[in-house]
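Here is the structure we will look at.
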Amino acid sequence: MKRLLLSIASVLLLSLAYGQIPGTLSYQGILVDGIGTPVADGVHFVKFDFYTVSSGGSAIYSSTGTGSGNSVTTYKGMFTFIIGSGSAGNAAIPTNKCDNQDWVQVTAD
């Protein structure tokens with residue numbers, strides 16, 4: 001009987017663990033200058049703001065990093081960043097904030 005209860009409890013705990021929504025989002029982009037040319041290879045700073053409307057409104061989440069923003073290293077303008085990774089200024093994305101269609105604004109350098 002104890003074994004059966006332990007098995008049921010284990011299954012329930014595992015189902016809860018698999019049901020968790022991650023507080024991160026992988027974002028890939030290409031940084032270009034004003035005329036569409038990829039920026040120079042190197043370190044650049046980006047900020048991410050999430051909104052519930054396509055224009056105007058208040059940000060429901062911001063990943064601003066520290067100093068000038070989140071640092072990313074570009075190669076031919078391309079970069080990858082984990083939004084909500086937990087570093088300073090990049091807190092986990094609250095699951096109760098981003099549960100609908102949202103818009104993201106990316107600001108660079």
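The values are calculated or read from the model by the stated rules, or taken from the named source; none is laboratory data. If you're wondering where the values come from, they're calculated on a predicted model, not measured in any experiment. Counting neighbours? That spans all protein chains shown, and the Cβs are built from the backbone with ideal geometry, glycine included. We work out accessible area using only protein heavy atoms, side chains counted, and drop any ligands, DNA or RNA first. Shrake-Rupley method; radii C 1.70, N 1.55, O 1.52, S 1.80 Å.
Pick from region 42-100 the residues that are among the β-branched types (V, I, T) and in a loop (DSSP other than H, G, I, E, B): which of them is modelled with the lowest pLDDT? Show your work before the answer.
To start, the set of residues in region 42-100 that are among the β-branched types (V, I, T) comprises 43, 46, 52-53, 60, 64, 66, 72-74, 80, 82-83, 93, 95.
Still in the running and in a loop (DSSP other than H, G, I, E, B): 52-53, 60, 64, 93, 95.
Values: T52: 87, V53: 87, I60: 88, T64: 87, I93: 82, T95: 75.
Out of the qualifying residues, it is T95.
Considering only residues of region 24-38 that are aliphatic (A, V, I, L, M) and modelled with pLDDT of 90 or more, which is surrounded by the most Cβ atoms within 10 Å (Cβ to Cβ)?
So in region 24-38, the residues aliphatic (A, V, I, L, M) come out as 25, 30-32, 35.
If we keep only those that are modelled with pLDDT of 90 or more as well, we get 30-32, 35.
Working: I30: 12, L31: 18, V32: 12, I35: 5.
In this case the residue turns out to be L31.
Residue-wise test of (1) under 9 Å from F48 (Cα atoms); (2) within 15 Å of the chain's Cα centre (by Cα).
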| site | (1), (2) |
| --- | --- |
| S63 | yes, yes |
| F79 | no, yes |
| G86 | no, yes |
| A92 | no, yes |
| D109 | no, no |
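Of everything in region 93-103, what is in contact (Cβ under 8 Å) with a residue 60 or more places away in the chain and open to solvent by 60 Å² or more (accessible area, probe 1.4 Å)? Give them in sequence order.
Selection gives T95 alone.
Can you give me the number of residues within region 71-82 that are exposed (fewer than 14 other Cβ atoms within 10 Å of the Cβ) and either within 14 Å of T107 (Cβ to Cβ) or of a type in the set (F, W, Y) (or both)? Steps first, answer last, please.
Keep residues of region 71-82 that are exposed (fewer than 14 other Cβ atoms within 10 Å of the Cβ), which gives 73, 75-76, 80.
Add one more test, that the residue is either within 14 Å of T107 (Cβ to Cβ) or of a type in the set (F, W, Y) (or both), and what stays is 75.
Here the count works out to 1.
Of the residues in region 73-107, how many are touching an Asp or Glu at 6+ places or on another chain (Cβ under 8 Å) and over 27 Å from G42 (Cα atoms)?
0
Here's the yes/no breakdown for (1) within 14 Å of A108 (Cβ to Cβ); (2) hydroxyl-bearing (S, T, Y); (3) touching a Ser or Thr at 6+ places or on another chain (Cβ under 6 Å); (4) surrounded by 11 or more Cβ atoms within 10 Å (Cβ to Cβ):
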| residue | (1), (2), (3), (4) |
| --- | --- |
| A40 | yes, no, no, yes |
| F50 | no, no, no, yes |
| S63 | yes, yes, no, yes |
| G69 | yes, no, no, yes |
| G84 | no, no, yes, yes |
| A91 | no, no, no, yes |
